[in-house]
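Student: Mind having a look at this structure? Questions to follow.
Here, each number is a calculation from the coordinates, and none is a lab measurement. Note that the coordinates shown come from a computational prediction; the quantities given were computed from them, not determined experimentally. FYI the Cβ positions are ideal-geometry reconstructions off the backbone, even for glycines, and counts take in every protein chain you see.
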Amino acid sequence: MRWDNIYLAGLGVHLPEEVYTAEQAVADGVYDATAAETNGIRAVRVAGPDESGPVMAAAAGRQAVERSGHRPEDFDAVLHAYVGHQGREFWSPAHYVQQETVGANGASVTMEIRQGSNGLLGGIELAASHLVARPSATAALITSGDAFHLPFIDRWTSDDQTVFGDGAAAAVISKRGGFAKVISTVSATEPSLEPLYRGPEPWSRTPFDDGKPVNLTARKDDWLMKNEDAYDDAVGLVGQKVAGVLEQLLDEAEMTLKDAQWFVHATLIRPIAEWSFYKTLDLDPATTTYEWGLDYAHMGNCDQFAGINHLYETNRLKSGDRLVTIGAGIGFMWTAAVIEIV
């Protein structure tokens with residue numbers, strides 16, 4: 001989708017103060033030394049007892065709103081994305097975030113986005129569509145926040161392809177203006193890959209019913225080992241989808257990937273990042289935020305906006321720069337965007 005007059009008006013990030021290094025995790029016996037060396041993640045941030053996902057998201061949201069220059073009454077939508085437990089069951093974390101950021105003030109839509117790690121980027125498309133469809137609407141707030149704690153999630157071992165760090169990010173999408181213009185966004189979905197993260201176990205009747213940490217590795221292994229072609233087929237399909245999303249995105253933005261000054265992706269373990277982006281797309285790591293992200297690991301939906309915020313705060317963005325960012329969420333869904341600094 002090519003957008004006219006849709007802007008990124010403000011960014012916000014909340015990172016817990018506690019730092020837990022991979023080196024210390026190995027020393028503590030909670031992370032395998034070989035995995036640590038292979039994966040390349042250096043550290044994570046660990047949320048404190050009062051830093052649930054929505055609490056951190058609200059803090060990031062307030063920063064984004066303040067930076068945007070918008071008043072609370074300018075916001076017609078609040079979207080909150082997350083991956084894991086939000087601190088309570090049977091409640092609405094999105095409305096908590098709204099109350100702690102912009103309040104009621106006439107907002108017509110307050111919703112949660114559950115799309116794995118693609119919720120925040122996918123939220124750009126949802127927010128932009130909402131604003132374009134309502135002439136009187138000015139701005140939308142998108143937030144995300146997650147804290148990955150035992151006994152529900154083991155940040156080091158629940159997924160052999162991911163190390164989970166705690167944190168939150170937020171963005172204000174506006175029709176009035178901002179520091180960057182959203183040029184185009186493209187999304188694609190592939191539900192045939194849904195079984196990868198469902199696994200073969202019987203349906204559970206309650207959350208966390210066995211009391212054991214979620215084992216995403218075992219779920220994936222079971223499906224990928226069902227026949228000798230399953231792994232190659234899944235990898236090929238993912239690659240095909242990513243290539244298709246980027247091709248359409250760049251066509252709509254009337255550019256090539258080499259025209260982009262920055263490429264921002266999720267903080268994946270090093271072997272996957274190198275295969276998925278640097279080798280496949282012939283990217284220069286110096287044009288990404290990946291090295292910075294290794295000190296924070298994968299923060300659910302937050303990696304891309306946190307990375308863009310890092311570029312913003314370190315004065316590395318200049319007028320006219322174009323930035324390509326892409327995310328993926330289990331299920332599967334991919335969203336990519338071209339953003340131009342104005």
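Student: Under a straight-distance cross-link criterion of Cα-Cα below 24 Å, which lysines are reachable from LYS226, leaving out those fewer than 8 residues away in the same chain?
Tutor: Candidates past the 8-residue exclusion: LYS241.
Student: Sort 152-158, 301-307 by packing, meaning the average of other beta carbons within 10 Å per residue, with the highest value first.
Tutor: For the peptides 152-158, 301-307, the packing ranking is 301-307, 152-158.
Student: Which three extents, in angstrom, do the Cα atoms of the range 254-330 have along their principal axes, listed largest first?
Tutor: 32, 27, 22
Student: Given the peptides 205-215, 31-41, arrange them by the average over their residues of other C-beta atoms within 10 Å, most packed first.
Tutor: Going from most to least packed, we get 31-41, 205-215.
Student: Using the Karplus equation 6.51 cos²θ - 1.76 cosθ + 1.60 (θ = phi - 60°), what ³J(HN,Hα) coupling, rounded to whole Hz, does each residue of the range 290-295 give in order, writing x for Gly and Pro?
Tutor: Values, residue by residue: 4, 4, 4, x, 5, 8 Hz.
Student: Of the listed values [x] 56; [y] 36; [z] 40, identify the label whose number matches percent of Cα pairs over 29 Å apart calculated from this model.
Tutor: [y]
Student: How big is Rg to Rh over the range 186-271, alpha-carbon atoms, Rh as the Kirkwood inverse-mean-distance radius?
Tutor: 1.09
Student: Whole number please: convex hull volume per residue, Cα atoms of the range 222-287, in Å³.
Tutor: 100
Student: Now a separate question. Using a cut-off of 30 Å between alpha-carbon atoms, which lysines can reach LYS318, once sequence neighbours fewer than 8 places away in the same chain are excluded?
Tutor: LYS175, LYS181, LYS258, LYS279
Student: Here's a follow-up. Counting other Cβ atoms within 10 Å, which GluC sites (Glu not before Pro) in the range 234-276 have at most 13 and lie in a DSSP loop?
Tutor: Those that pass, being in a loop and sparsely packed, are GLU254.
Student: Continuing with the same structure: Which lysines does LYS212 reach when only Cα atoms under 20 Å apart count, and residues fewer than 8 places away in its own chain are ignored?
Tutor: LYS220
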